[in-house]
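Read the figures in this text as sums done on the coordinates, not as results from a lab. Keep in mind that this is a model prediction, so the values were computed, not measured. Counting neighbours? That spans all protein chains shown, and the Cβs are built from the backbone with ideal geometry, glycine included.
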Amino acid sequence: MKPLAHAVREASHRLINGSVGMPNRSTGAWLLAGMLVVSSSAAMGQQNPLERMSSSGEGTLSEAVQRAVGNNPEVQEAWNAFQGSEYDVDEAQGGYLPSIDVTGGVGRESRENDGRGSYETDFAEITLTQMIYDGFATRSEVERLNRAKLVSYYEVRDVSETVAQEVFAAYQDVMRYRELVRLAQDNYRQHLEVYEQIEQRAQSGAGRRVDLEQISGRLSLAESNLMTEASNLHDVSARYQRLVGELPPESLAPAPELNDKLPPSVTEAVELAFEGNPGFHAAIENIESARAEREGTKSAFQPRLEFRATAGTNNQTDVTGRYDQNSAELVASMNLYNGGSDLASYRRGGEQIEQAMDLRDKECVGLRQTTQIAYNDTQRLREQREYLNEHRQSIDRVRGAYQQQFDIGERTLLDVLDSENEYFDASRAYVNAQYDAAIADSEVLASMGQLLTALDVAREDMPSLGELGSEGVDMDPDSVCPSQGPGGFTLEDLIGDMNGPEQPVESTQASTAPTQEPDVTMSADALFETGSAWLNPNVRSELDELAADIRQRDDLQRVFIAGHADNTGSDAVNDPLSQARADSVAEYLAEQGVSQELLQTRGYGSQDPVASNDTADGRSRNRRVEVTLEGLNS
């Protein structure tokens, strides 16, 4: 059965190739038959093919994530591995407890030269063995397996965060492609209306055959676009089903906004990822597990001391008869030579520690890259979305005007078709930017280990670190890769110089620092992107208020602006960057009317911290810009 659009086009081709007058009887009958077939199909109530890509009912993102975290095979596999690791610890702790063994036997024995021949014998014995000292092998093994259990615990959380992010992306993609299918249907409908308009002109003799050919080709492209978007919807629905276990519901509630849960700067996002990402913490715990394993190999070079108690009975018929035997003894043993195997095992343990540290470093730089890229996407896509929306709205107005001008003969068919296609592409780009920005938000939160918390989803049977007897990983600043990375950018940064060179505002570098406390302290993470002295547009309102306050005062002799950094990076980087940031604030205040004669700046680098640089919070507090307003009487 041919689609109606194909039937109409084939009939029109026959009209153009034959005559441009009224259709003949056979053609009219063919068109009527086609319409009747379509009408009968609709009357039969055939299911919309898009409905076969969904299940009935409604659904929310939190419900989908909760279902996936509880039932997804990847999460279940990690969960079962964690459950098994608890029994590994129990097995190792059994080494502290005594071992009780029972043996018994019956048979016949004989001795040479005693003239008795063979005789029956039987015995039964119970032995208790208690380890007293094993060179700390048991203690090291328990420590290793406890660390391995924590590794498994973090891996469960890591897989849960990863699956939650994948479900978030699949949920958004289903909504995205449902919207894109609707856009493609509207695009097809618009092309079909133009097709019918051109067809009527061709039938009346006012149109040209080439116009009908052109719109026919564009209509085919619109059909192809619709098939492509429907295919994409099919694929993401299958991905949703793989993750959640069922097809997406017909009605999906909008996903919650996550943008307000992101930190103000990429540097803080990376530091929070180091502090909260469970995959990174698993890599750190794996180092401790490797160290405990190497400690255990040292036991091979020490003696083993055991207490043994034995009680038994022995019966030798025709010899000694039955007698009981009891003993209690301390037994010491030590291997003196084992072919070098024990030494090789110890040396291998050292290499395994180095390997675990390399894996931690790999996880660290990978996590930093993932967080930096995702965070940059959140900022870039939101700014880009504004421009895409402006483009979409402009093209929408243009296509309406083009259609009206085409109706009165002032525009060509090609102009109309190009405007329809450009509007379709602009709408697709805007929709994609909307959903890509939301997915980027989820990627940042997942890298920080906070996505499940943000969605208010938790696994009920998941224990806390406290219940496992752990206070979390020990974040050694020397073991964490630097959080600094490439700075972000805005469109203004990229095109600012194209609007003509700006005259730099000269600020005086202060020779002496003020003795009073600063009047205003601003976070450098909020003011600037990482490694940059460009002011963020969204914080300039705060500086506007400061400039207004300064202009209203006539009792000032100096406005001292100090830039500070943490100890991440070298002084060769921190000192000039802190000076450039202080100068940047001074320049902006001067642009807002503050007298240049009042402005003095100094960059201190990391020389004057207000908090410890050993924690992410302390380093964030140290990255700051201070403004001190010195009065004439100071």
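The angle between the Cα long axis of helix 413-447 and the main principal axis of the chain comes to about 20°, on a 0 to 90 degree scale. A Cα-only calculation for the chain places Rg and Dmax at 38.8, 134 Å.
The Cα center of the range 334-349 and the Cα center of the range 302-317 differ in position by 29 Å. A simple rule links phi to the HN-Hα coupling: the Karplus curve 6.51 cos²θ - 1.76 cosθ + 1.60 with θ = phi - 60°, which for the range 559-564 gives 10, 9, 10, 10, x, 10 Hz, with x for Gly and Pro.
For the range 124-269, what D do you get in µm² per second when you plug the Kirkwood radius from alpha-carbon pairs into Stokes-Einstein at 4 °C and 1.567 mPa s?
Working: Rh = 21.8 Å.
D, rounded to a whole number, is 59 µm²/s.
Quick one: angle between helix 266-276 and the longest Cα principal axis of the chain, in degrees between 0 and 90, rounded to 10, please. On a 0 to 90 degree scale, this one is about 30. For the chain, the mean residue ellipticity at 222 nm estimated from helices alone is -19500 deg cm²/dmol, where every DSSP H run of n ≥ 4 contributes -39500 (n - 2.57) and the total is divided by all residues, rounded to the nearest 500. Scanning residues 5 or more positions from R558 or on other chains, those with amide H under 5 Å from its amide H are E630, with H placed 1.01 Å from N in the peptide plane. Converting phi to 3J(HN,Hα) with the Karplus coefficients 6.51, -1.76 and 1.60 and the offset θ = phi - 60°, the range 250-262 yields 4, 10, 10, 6, x, 5, x, 6, 10, 4, 6, 9, 7 Hz in sequence order, with x at every glycine or proline. Taking the centroid of alpha carbons for each part, the range 416-452 and the range 549-625 are 37 Å apart.
The Stokes-Einstein estimate for the range 351-483, based on a Kirkwood radius over Cα pairs and taken at 10 °C with 1.306 mPa s viscosity, is a diffusion coefficient of 81 µm²/s. Extents of the range 60-128, taken as max minus min of Cα coordinates on every principal axis and listed largest first, are 92, 24, 15 Å.
Converting phi to 3J(HN,Hα) with the Karplus coefficients 6.51, -1.76 and 1.60 and the offset θ = phi - 60°, the range 327-344 yields 8, 9, 8, 9, 10, 10, 9, 7, 7, 9, 7, 9, x, x, 5, 5, 5, 5 Hz in sequence order, with x at every glycine or proline.
Taking the Cα centre of the chain as origin and assigning +1 to Lys and Arg Cβ atoms and -1 to Asp and Glu Cβ atoms, the resulting dipole is close to 2540 debye. What is the list of residues in the range 545-574 whose amide nitrogen lies under 19 Å from a point 7 angstrom out from the Cα of N633, following Cα to Cβ? Within reach of a label on N633, which here means backbone N under 19 Å from a point 7 Å along Cα→Cβ, the range 545-574 contributes 552-559. For the range 501-631, the Kirkwood estimate of hydrodynamic radius, built from reciprocal distances between every pair of different alpha carbons, is 14.8 Å. For Y153, Y346, Y96, the sequence from fewest to most other C-beta atoms within 10 Å is Y96, Y346, Y153.
Would you work out which of P576, A137, A429 lies farthest towards the positive end of the dipole of the chain, given +1 charges on the beta-carbon of Lys and Arg and -1 on that of Asp and Glu, about the Cα centre? Of P576, A137, A429, it is A429.
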